[in-house]
1. If the requirement is being modelled with pLDDT of 95 or more and either surrounded by 15 or more Cβ atoms within 10 Å (Cβ to Cβ) or within 23 Å of the chain's Cα centre (by Cα) (or both), which of these qualifies: 140, 218, 158?
2. I need a count of the residues in the stretch 255-269 that are within 13 Å of residue 213 (Cβ to Cβ), touching a helix residue (DSSP H, G or I) at 6+ places or on another chain (Cβ under 8 Å), more than 16 Å from ligand 1 (Cβ to nearest atom) and not in a loop (DSSP other than H, G, I, E, B).
3. Residues that are within 30 Å of residue 16 (Cα to Cα), at least 2 per element: which helices (runs of 4 or more DSSP H) completely within the stretch 95-196 meet that?
4. In the list 50, 91, which residue meets the criterion of being closer than 20 Å to residue 114 by Cα, in a helix (DSSP H, G or I) and modelled with pLDDT of 95 or more?
5. Looking only at the stretch 315-331, decide whether some residue is surrounded by 15 or more Cβ atoms within 10 Å (Cβ to Cβ), part of a helix (DSSP H, G or I) and touching an Asp or Glu at 6+ places or on another chain (Cβ under 6 Å).
6. Among the numbered criteria (1) in a loop (DSSP other than H, G, I, E, B); (2) within 21 Å of residue 215 (Cβ to Cβ); (3) away from ligand 1 (no atom under 16 Å from the Cβ), which one does residue 43 miss?
7. Of everything in the stretch 342-366, what is within 26 Å of residue 137 (Cβ to Cβ) and not polar (S, T, N, Q)? Give them in sequence order.
Amino acid sequence: MTQVTRGRARVADHGGGVRSIEVPIPDNPLGHTLVYVVDTDRGPVLVDTGWDDPASWDTLADGLRRIGTDVADVHGVVLTHHHPDHHGLSGRVREASGAWLAMHAADTAVVRRTREAEPGAWLDYLAAKLAAVGAPESHLGPLREARARRSGRVLPGLRAALPDREIVPGDLLPLPGRRLRAIWTPGHTPGHVCLHLEERHPSGRPGHGRLFSGDHLLPGITPHIGLYEDPDAATETDPPPSSRLRSNRGDPLGDYVSSLERVGRLGVAEVLPAHQHAFPDAASRVRELLAHHESRLRDLLTLLSSEPLTPWDLAVRMEWNRPWADIPYGSRNIAVSEAEAHVRRLVKQGRAEAIPGTHPLTYRAV
Ligand SMILES: [Zn+2]
Ligand SMILES: [Zn+2]
């Protein structure tokens, strides 16, 4: 792989008609999203697009020019998932090129619900969800204040582009002259997909092609596994009469573990993730991530063995990369979602149970 920095856009050539552009994510420690550009007989197809920000858009457009094409030439966009660092610029790319946008139906449903929900409904949903897992009043206050100010700015991606094609798991995507197969990998989001480029590695490296892994499999980051966001579904203690999508929220960590095992079995020669850098050994990274989550589950079980706890209590007691007191507001919401995903996994495994009649729902070890 050769890496060149010219002007603003950092572009890398991965060989075999695959390039990447580092599209910056403003004010985020992740730094950038790697947008992959796959040559096809009908023009370039992008895997993800990047954050919706003027500088990010300029970088994407500049990067495409640097690799000898143009945003107007883009034939299609394959989206690994709905998060704004992946799907943010899709609408602008479609406007500039007429490209199709493809996403798994479960994530398209999230995009559709988010577009249809009023910002206030999202804030109500978040407040209800946090209250149900035991967040204290001091944490809920800012959400209620934002609601009173009618501010939805805390939530990026409220008006993200609606995809016009569905990614069907197991199917080949419509990339003329290429073989790119969709692998459904729910966990990070309900409709996350990895894309398997079923072609010989350009260097002749042994293995079965290459995998665009989105946020599912990253070399040095453990992707967030929380509950799937669904403003139409109420909390466990207060289900609405017609919540057909609640099953979606069941066991995201269980989904993730199965999805990891699925991509581990592909035996790919190289992984092309959406952040950080390409890496060769998918199977050993899969093993590390599985071990990480199992040790996390054991830690939670130890906590639940000494006293019954809510997901919020667990989040406060779990080990993070810094003390709870130093974790910013938004990250605490993510942390508690992660704690709840883990405790649900323990319940599914029969290692913990919810104590009937508790509000907020409190768990104990079995
Ligand atoms: Zn993501
Ligand atoms: Zn991401």
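The values are calculated or read from the model by the stated rules, or taken from the named source; none is laboratory data. Remember, predicted model here, so these are calculated numbers, not experimental data. Ideal geometry is used to build each Cβ from the backbone, glycine not excepted, and the neighbour counts take in all protein chains shown.
1. Numbers: 140 fails: modelled with pLDDT of 95 or more; 158 fails: modelled with pLDDT of 95 or more.
Of the residues listed, the single one that is modelled with pLDDT of 95 or more and either surrounded by 15 or more Cβ atoms within 10 Å (Cβ to Cβ) or within 23 Å of the chain's Cα centre (by Cα) (or both) is 218.
2. 1
3. 105-116
4. Sole residue among the options that is closer than 20 Å to residue 114 by Cα, in a helix (DSSP H, G or I) and modelled with pLDDT of 95 or more: 91.
5. No: zero hits.
6. Evaluating residue 43 over (1) in a loop (DSSP other than H, G, I, E, B); (2) within 21 Å of residue 215 (Cβ to Cβ); (3) away from ligand 1 (no atom under 16 Å from the Cβ) leaves (2) as the failure.
7. As a first pass, look at the stretch 342-366 and keep what is within 26 Å of residue 137 (Cβ to Cβ): 342-344, 354-364.
Of everything in the stretch 342-366, those that are within 26 Å of residue 137 (Cβ to Cβ) and not polar (S, T, N, Q) turn out to be 342, 343, 344, 354, 355, 356, 357, 359, 360, 361, 363, 364.
Residue-by-condition table, conditions (1) at pLDDT 95 or above; (2) over 30 Å from residue 365 (Cα atoms); (3) within 16 Å of ligand 2 (Cβ to nearest atom); (4) not basic (Lys, Arg):
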| residue | (1), (2), (3), (4) |
| --- | --- |
| 222 | no, no, yes, yes |
| 240 | no, no, no, yes |
| 249 | no, no, no, no |
| 268 | yes, yes, no, yes |
| 288 | yes, no, no, yes |
